[in-house]
Every structure is written in structure tokens, then in C-alpha cells.
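Working notes, beginning with the structure itself.
Derivation of every value follows stated rules applied to the coordinates shown; laboratory data play no part. Since we're looking at a predicted model, the values are computed, not measured. Counting neighbours? That spans all protein chains shown, and the Cβs are built from the backbone with ideal geometry, glycine included.
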Amino acid sequence: MTTLRPFTCNDMYKFNNVNLDPLTETYGLSFYMQYLAHWPEYFQVAESPSGEIMGYIMGKAEGHGENWHGHVTALTVSPEYRRLGVAATLMNFLEDVSEKKRAYFVDLFVRVSNKVAINMYTNLGYIVYRTVLEYYSGDPDEDAYDMRKACSRDVKQKSVIPLKNPVRPEDVE
Amino acid sequence: MASKVHVQDNSVVERRLRPIYEWLDSGNNKKALQECDKVLKKTPNLLCAKALKALSILRMGREAECVSILDSLIEDSPGDDATLQAMTLCYRELQQQEQICTLYENAIKLDPANEEFHTQLFMSYVRIGDFKLQQQSALNLYKLKPKNPYYCWAVMSVVQQATRGSGEFDSTKRGVLLSLAERMIDKLIAESKLDAEQEVQLYLMILELQDKLEEALQVLNGPLGDKLVCSSVNLYKLPYLTKLRKWSDVNLICKGILIESMDRWDIWKEYIASVFELMKADVVDEERREENHANGECELEYVDDTPEKAHEFICRLVENGDDNGYLLRGPYLARFELCSNLIRQGIDSGDLLGDVMELFIEYFRKFGHRSCCVSDLRIYLALLDGERRIELANRLIKDVGISSTSVPQTEQQMQRHLCSLQLSRLCSNHRNLSSDHLAALVTAFSLHYQHGYQTYGLNLLYTDQGPSDPYAILAAHILYDLSESTQSSKPIITALVLLENLLMKSPCSFNAKLLSLRLFHTIGAGIGAHQVYETLDLKHLQMDSLGYSHCARLPTTGLLTLTATLLDSTLKFFSSNYKDSSDHLTFCYKYGSFIKLNDFMDFREKLNNSFHYTMVAVDRIILNIVQCTSIDSLYNANILPKDNNIEWEKLRDNHDLSVYISWDPERIESTPEDAREIKDLFIQNVHFLKLRTHILWALSASVNIIKSHDSARNSCVDTLRGVQKDWADIYHKISTTKSVPIKQNLVTSPLPSRLHSHLDCRYFEILGQLFNLFVNISVEDTANCGAIVTDVQSNFKRLTGVVVDLVGQQRRSGDCYWKRRSVLETVVNAVEIISLSATICLLCNDLAKPPQNKRSKKKMDASTKCVLNDLASVIKNELNTIDSCLENWTLPDEFDLSDRLALLNLSANGQNSVIENIVNSHTTAVKELRTLLKAKLKMLSG
């Protein structure tokens, strides 16, 4: 039960029920504003019938040639609205936009410890493309999985052949 | 010499400057400055090095020096990118955006064909919001380089003139400007140049603003519509079709979308609204009706123009089953929407949907194990009257089947139990229960919480919320009800212990933290509140949306050091953001996202006019003055908040109240932000802020009088008199308006405005009189001075009398926490008034003192001296009275809750830490206030 609509600045005043959750980062304003201005079509919010924010997705399109792809920067769903398919709806939307932009694939980074999320992405058709060592800083640093799903433009599914060796964060992008 | 630098090899210059940039980037401004000086020694006329020196100096806090370097740089007419950029940074950080415009205007004169300079100039106009100059510079740019984006910048600048510039309040101008913008785009279309998605969006926006919706639809249906690659054309059309009341089209488009994705709630609402419009208007032409009969099989070939057809449509989608493997709530909730529309139209919903009650029961049976079930159903509880709500509550609880002697057998059953309890509270089932009954509920919920934790909550991640946590939150809410109905603090402290227990097990439960924060403040325990606030780890915009919950109260708790830290960190967010916010507007132009520009501008206004921001700014300055140990620091301090640029009419309440979880029946009627009490509270807060800001204005005017010389003094005195008059006017207006403190019956309501205690404490009567004294001394009219001091003295006596009484009552009362918050607030206010009075008294002294440099033999007028001595001893006297009253104000560190806690099966450990925390708050506050009083005493005697 979702109203999907573009994220607006005012939503930053309303997303506390989502962002107070410890796994969701609250960024500085400029970060959100950059995304809103640069990739407005990729920044969507899922609203409940009672008008609360259930979750949102932030993304972008980048890369050259066959590396032209959609990227999920942040995806989050408030604890109250989990296990209702909200994340899947938001991911579908982002994949749809990436298709329209003729991207070759969609990718995202996830903590290797975040089993719930990895499971969900796998169910949505994502594979672990490679491991990025010590991508998340902290104590200790944590590795990330770079997960990918091919778009229809990548007919031969070249973008989703997993790499054998892990990479360092500086080798990404 | 300057021209010599220009021909110098760029790579050499670059190599020399690089270390400076590196030091600046790493925040080492001192090193950067040293490096600048080194480079300038070798190449004294390297403008970029000078500009970077200005930046380094500015970042070291030496504003005036920076400005003088910048001024001299301007005379050199810098024309290279690096220098201009460094200067731009300086002006940005100095908040002198206009200077950036001048800078690039001059640079373009030197190098008229430089595309980068033109772009920078355009962006600098965007930052200051000069739409007309934006338009001109964009057109100049387009002439230079005929690129579409530049042209569209000009078009958007015209749109902005229409909506936010000269056309904002002048509909003729608005019309002219918008039609100009439209023609500009038409020209682009005629030349077949309109291409990008953003450009089409801009065109549609212009048509929308002129209400040319038919035209907009034509655009969407034509070749330009195909250029909207990333948006769905159907979704674009819907609002236009709705506005044009083309209900058949709305209906069909919605059906199409819903068949694809039946969980789109916005579309369900549009769909059902269209059904009723169609029914009302009966406009479906006969032809379509015929088709309906002929082609009954294909969904999208006929419109649904009766509730019956809508119901069939919903049922068909329900039968088609799930999507994504989840049971979707869409069609089930659509039935409620249909029902609510039927009732609104005065049509009996029973024939079609049966008893409304059964809809609720059915929904609960399907989704009761999901926590969102409560907020889903909440919006439709208005369909039931009071009695039927109670009936519903009882049926739901019965349906779950948990009696007073049983516990949930599965996690799902527990979730359903929670859901039924929360809905039951929403249905007013907890109202009008006896205290004993409420206490029994608390016990039951606390036990359920512990059982749920033991059974389903043990192996959770640190970041998870416990599945049974909502029981404890519910229990805490009922404990708050109990404290209100019995006017006792025991239930509140019990609730704090319960929440502390919860937070040990689920350290990330923000609901528990927000509630604890509120409860600690309810009893005036600032340290406890502050500890909880810290664990919330609020960042960035949350400072504005949630900071109020703490900043509005901490200053009343007497914890001066903590308050200063909190206010500083809050202000840091606001002021740095203010600098950035104009940049955000330039992003929109940079990426051509014109549709976001309006949103960005509204947001900027909302943030900069935040009431909370302004209040914190004022509080910080007042606290500074209250704490200053010598009068000299006052002369150098900036006393005016927000550069004295408060737009009172635009002040906004940005506090997010919806985040506080609540199952109070009041939530059925409206969102908390829209409640009338909250609007009233905001008005009270603004009044309070206005009164408080007048103190600063008066102080600032007084300081200016002291600083002024003979000739200018009169006008300074007039300024102070003007402030006093305004102050008196608004004080009388506000004090005669009956403003009732916001009711405290709901735990999620904010605490009362500080206005009430401000008025009770006679700020205006005392401080206003002291400023009168100041004026009299400054014009050497000492006739009334004695009378003023007598008047101040009697007002002081009254104030300290109240303080002494309140504290005494508090000490003797059996419940030492219940009224502690308001007593403490009074005490803090009294200390503040006395501290400010001491400051004004010293200002009077400085004013009356003959200027030192003139070595005039004239001594201070004897009668003035006498008056001021009297005043000082009056203040000292009150200082001592309050100090000795505080000396004896202690809290017992024993507070027995064991009977209550035993009922909840909670250990006494939690109790000790909560009580310790409260006592600690109290002792610290009293100590800090007494230290302050002693410092003031010293200052007056010095």
C-alpha cells in the first residue's frame, strides 16, 4: 500500500521515523540536494496511506560505454513498514528508470554482514559481482559486496560475470 | 607588474600555490598563511596568492584584515580564474554574495568572451536571487555560446520573476512574464531545438502556471511527450485530467495503472474519487455506456461510474491475488476508501459493503500481524462513532484471544495482540478507566513485554528493535496518563525506569528515547534528558526537526554549561547551512532540474525562518550576557541575533511531532502538527521570542549610547526609547491576551511555552524600568531615578518572595518531583532577571562615569551616584536572598518506588540510576546557579 512519488525537500523534515533507525545514515543537506538536483527521477519516496514516509530510495546513473549503469546510493524502510514489499517496489522503480535510460546494469554496495539485505537483493535477482575490501570505515573496517543485476540492454549479461578476486575501494569507479 | 604575472608560466605558479591549497583543504589555516607569505615574498604581485592569503586569514577569524586585502585586490581587477574563485570563497564565507556579482561583472569587462566567467556571473545572481539579472546574463551567455541550457536558464529566470519576483503579487505582470516564457520556448520548438527531458518539463511547468492544461495534455500526447523518458506520461497527465474534470479519462488511466500494480495508494484514491464524480455528473456519454455492455470483458474499455462497479473492480483485483509474494493491502484498503466516500455522499454503505465494522475485523484478521495495521486503520476509525469504536476495540481483543491469564503462543499472535491493544487505545478504550484499572493494565503490559522479550527477543542484533518493545511503550504511555490523573510523579519515574530497562535490551529504540526525553523534561531533569538526547545522535536537519524537543527546555533547567554546549552545536548547524543553502539553488540550474527549483527555494525559506533557529540564537546571546563576568566583554560582543534580520511574519514551526508514536484518539482527527493546541503553542512561543528579543535590542541600544559621542548620543537615546515603546506595546498586547498553557493530557504534546513563566516573573516590569533609569541618566534627568529604584525594588521583592515560597512548598511537599519543573523554571528566570539587572546597573555606572580621556574635573553627579549605589545594594540583597534559598533546596535521594516496581517485575537497579540522575541534575543546577549568583555579586562589588 504505497504512494510512490518524487522525494521533496520537505520530506527531510518528515523522514525521522525512517532515519532515526541506526542503520540509516542522515547526511548533510548538500548531499541530498545534489541528488535531488542531479537525478530527481532516481530519488523516490514511498508514503503510507496515513501520510507517513515508509521508506525511500536514492540513486544515480553514471559510467561510460558499457559501464553506463544505475546505482542505488541508499535504500531504507522504516521498521514499522518492513516485510511488506516496500523495498522491492522502490527497487523496481529504480530498475525501471535505469531501463528507460538504457543502462546496462544496476549496482549497489552492501555490508557483507547485512544478511537480511543481501538476501533481499538476491531474491530480486542481484548477484555478488565482487567484494570490495574495507569499503565501510569503522572499527574495524568492513568489506562490501558490490551486487549487480543486468538490464535488458546487456543482452549477453556481460556485466554480471562475477570477479574472482576482491578489489580495493580505490579501484572502484 | 600585474601584467608580468599574467605572462608567467602557469605551471610554475601552480606548483607554488599547490601547498597553500593543501593546507587550506586540511584545515590548517595558519600553515596556509605562512605559505602565502612565502610565495608573496618571491612574487609580491601574484594576485592569487593574495586572495588565498585573504581566505586563510578569514578562516583564522580575522575578518577585518581579510576584507582589507579583498578591497585592495579589487583595485587590481583580477581576471584569472583561480584568483576569482578564491575571492568568491571569501565573499561566500563573509556572507557578501553581492560582491561576487561585482567581481565577475568586472572580470567579464576584461575578458568578454569567457564562458566560465559568464556562467559564474549567472550563478552569482542565482545566489542573491536577482531574477532579472539572471535573465540578462543567461541571454548574454546564449549569445556567446548558443547552447540550449543557457537559453532555458533565461526562460526559467523569467518564470521566477513571474512567480517570486515582480509578478508574485501582480497578476497582470505575472501573466505577461509567463506568456513571454511560453513564447521563448515556442521559439525553440519552432526551430526544432527543444530536446532534453528537462526542457519539456520546463515547458509543461510554464503551461501549468498559466492553467493551460489542455495545451499541456496536447504536449504530452504529441512528439514532445516522447521526450519524457524517465517519467510516466500517464502519471503526468493525471493531475491535469483531474483539474479539467475529465473523469472518464482519469478513471481509465487509474484502472490501467492499478491492474499493473494494485498497491498504488495514490491511484486508488484518484480512481475512487473519479467513480463518484462520474456517478454525480452522470456524464458518461451513451456511446460509452453502449460499449460497456458490448465489451464487458475488457477492463480498460469501460469506465466504472457506480460504486457497484468500483466494488467489482476491487474484488477482481483481490481475486487476482498477490504480487511480489506479499499479500498486498491495496485493494483491501480501497474498500475503506469506497466506504468512506459512500458515507460522505450520504449513501448507505451497508448494501454494498456490509457492516463497516466487519471491514475492520476482516482487515485486522488479514494484516493484524503487521505493525502498519494500526496506522492503516487509524485513518478510517472516523467512520465509526464513539460507541462503535469501543465495540470494535472489544471485538479485536476478543479476536486475538489473549486473556488476563494467558500469553501469546507465537510471535505473530503477539504482534496481533499489540495491534489490538494499540487500536483499542486509539478507540478511547483507556479513557475513563479508574486508576486501579490503569495500574493493572500497566502491570499486564510490563509482564507481556518481559515474556515477549524472553521468548522472541533474545537473539536480536544490536540494531534491532525488540518485538515486544511496544508493550513497554504502551505501558509508559498509560503511566503518563496515571500521573496526570493522580497528579503525581511516581508513575513518571516508574515509566522512566521501565524505559531504561527497555533501552538496555534494545539500545536503538528511538521511540523509547524520544519518550524518555519528554518524561525527563516533564520533571525538569535536564541531565537525564541530555543523556537521552545524545544517544539519539541527531545530525544535520534533525537539529531543526527534532532539536526543539530538547533546546526548548534545557535552558529552563539551570544547567548552564550543558545549555551553552547544546545551543552552540545547534547554531553551528544553522549558520553553516545558511552559507550553503544558496549554493543548492545553483545545482538546479547546473543540472537543468527546473522542476525542483521552487521546492528548493521554499525549503531554504523554511529552514532560514525556523522559529527554533531564531530562539536558539536569542537564547545563546542572552546566556552569554547572563554569564559574562565583566561588563567590558559586553562591549565587544555581538548582541543582535541573526544579524538583526528576523522576519517575524515568516517564522515557521519546523518541529516534527509526528515522529512521536502515539495511540491517543486525538490522532484520528488530525496530524499532531495541525492540532489547534499546537498552533496556539506556536503563537505563544513567537510572543515569548519577541519579548525576549526586545531585551537584546534594548541592551544593544544602551551599549551604543555608551559608545556614542556627544553629537550622536541623542539619536542613540531615541533608538532606545523606540525599542522601549515597542516593547511596552507588545508586552501589553501579549499580557492582556489570555494565553492558556498547552494542555498536558497527552504524553506526545510538547511542554508548555516559556511565555507563561516569563510573564509571571515580571521581566518587563523589572528590566523595562531599569532601561528607563538608563535613559534618564543618559539625558541627565535624575529627578525620577529614586522612584524608579524603589519601584524595581518592590518588583524584586515580589519575585524573590515567590521564589522563596515556591521552593519552600516544594521542599515540604510529599512529592518532590511533581512540580519541580515549573519551580525550577521560575528560579532560573529569577536568576536570569537578577543577572541582567546587574548588567544594566553596571551599564548605568559606565554611562554616568565621566569620560576618562577628557580628564574633566566633573565627577559623577552625587545624586546619580547615590541612586546607583542604592540599586546595586537592592540587587545584591536579592542575590543573597535567592542564594540562601537555593542553599537549602535539596532533593531527597531516597524515593521509594519498590512497591510499584515489584508489580512490574522490575528490579530496583533501574530505579537507582534514574533517581540518581534526577538528583544529580538538581544538585548540578543548584550549584551552577549559585556560582553564577556569586559571580554577579562579585561583579557588582568590583
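See the values below:
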{"item": "C-alpha long axis of helix A:29-38 to longest principal axis of chain A, angle in °", "result": "70 degrees"}
{"item": "Chain A: most fluctuating residue of A:42, A:136, A:13 per GNM, C-alpha cutoff 10 Å", "result": "A:13"}
{"item": "Extent along principal axes [Cα atoms of the stretch B:10-128; Å; largest to smallest]", "result": "34, 30, 25"}
{"item": "Integer Hz, Karplus 6.51/-1.76/1.60 couplings in order for the stretch B:75-86, x for Gly and Pro", "result": "5, 7, 6, x, x, 10, 4, 4, 4, 4, 5, 5"}
{"item": "Helix A:86-100 vs. chain A, principal-axis angle (Cα, 0 to 90°, nearest 10)", "result": "60 degrees"}
{"item": "Between the stretch A:95-152 and the stretch A:157-173, the Cα center-to-center distance that results, in Å", "result": "11 Å"}
{"item": "Furthest towards positive pole of dipole, A:126, B:714, A:77, structure part the protein assembly as shown, Cβ charges", "result": "B:714"}
{"item": "Highest-first arrangement of B:124-130, B:489-495, where packing means the average Cβ count within 10 Å", "result": "B:489-495, B:124-130"}
{"item": "Dipole moment magnitude, nearest 20 debye, the stretch B:432-564 about Cα centre, only Lys, Arg, Asp, Glu C-beta charged", "result": "140 debye"}
{"item": "Phi-based couplings in Hz for the stretch A:53-59 (Karplus 6.51, -1.76, 1.60; Gly and Pro marked x)", "result": "7, 8, x, 8, 10, 10, x"}
{"item": "Segments B:624-633, A:46-55 sorted - mean Cβ within 10 Å per residue, highest first", "result": "A:46-55, B:624-633"}
{"item": "Anisotropy class of the stretch A:113-173 from Cα gyration tensor, a/c 1.5 cut", "result": "oblate"}
{"item": "Listed peptides B:720-727, B:407-414, B:337-344, B:152-159 by packing density, highest first (mean Cβ within 10 Å)", "result": "B:152-159, B:337-344, B:720-727, B:407-414"}
{"item": "Inter-chain Cβ neighbour average for residues A:72-84, partner chain, 10 Å", "result": "3"}
{"item": "Vicinal HN-Hα couplings computed from phi for the stretch B:693-705 (Karplus, 6.51 cos²θ - 1.76 cosθ + 1.60; Hz; Gly/Pro x)", "result": "5, 4, 4, 5, 4, 5, 5, 4, 4, 5, 4, 4, 5"}
{"item": "Simple Cβ-charge dipole of the protein assembly as shown, Lys/Arg +1 and Asp/Glu -1, about Cα centre, in debye nearest 20", "result": "3960 debye"}
{"item": "Length-normalised contact order for the stretch B:146-251 - Cα pairs under 8 Å, 6+ apart - percent", "result": "18 percent"}
{"item": "Overall Cα dimensions of the stretch B:355-429 - principal axes, largest extent first, Å", "result": "33, 22, 19"}
{"item": "Distance cut-off 23 Å, percentage of C-alpha pairs in the stretch B:742-874 lying past it", "result": "47 percent"}
{"item": "Alpha carbon centroid spacing (whole Å) that separates the stretch B:541-572 from the stretch B:111-152", "result": "42 Å"}
{"item": "Residue (of B:90, B:61, B:117) at the positive-pole extreme of the stretch B:10-128, dipole from beta-carbon charges", "result": "B:61"}
{"item": "Net charge, residue B:532 excluded, C-beta distance under 13 Å - Lys, Arg +1, Asp, Glu -1", "result": "0"}
{"item": "Nearest-20 debye value, the stretch B:10-128 charge dipole, Cβ charges on Lys, Arg, Asp, Glu", "result": "600 debye"}
{"item": "Cα gyration tensor shape of the protein assembly as shown, rounded if a/c is under 1.5, else prolate or oblate by comparing a/b with b/c", "result": "oblate"}
{"item": "Full-stretch length increase - residue B:404, residue B:861 - with 0.36 nm per residue and alpha-carbon distance subtracted", "result": "156.3 nm"}
{"item": "Residue B:460/residue B:565 FRET efficiency (R0 35 Å; Cβ-Cβ; nearest 0.05)", "result": "0.55"}
{"item": "Rg over Rh [alpha-carbon atoms, Kirkwood Rh] for chain B", "result": "1.02"}
{"item": "Average beta-carbon neighbours from other chains, 10 Å sphere, peptide B:458-466", "result": "2"}
{"item": "Convex hull volume of the stretch A:3-171 per residue (C-alpha atoms, cubic angstrom)", "result": "125 Å³"}
{"item": "FRET efficiency, 1/(1 + (r/R0)^6) with R0 22 Å, evaluated for residue A:67 and residue A:161 via beta carbons", "result": "0.95"}
{"item": "Per-residue average of Cβ from other chains inside 10 Å of B:592-600", "result": "4"}
{"item": "Filter on B:246/B:596; B:505/B:927; B:143/B:227; B:797/B:865 - keep pairs with C-alpha separation over 32 Å", "result": "B:505/B:927"}
{"item": "Relative contact order (percent, whole number), chain A, Cα cutoff 8 Å, 6+ residue spacing", "result": "16 percent"}
{"item": "Residue among A:48, A:29, A:68 farthest towards the positive dipole end of the stretch A:3-171, charges placed on Cβ", "result": "A:68"}
{"item": "Pairwise label distance in nanometres, residue B:186 with residue B:116, each label 7 Å out on the Cα-Cβ vector", "result": "4.0 nm"}
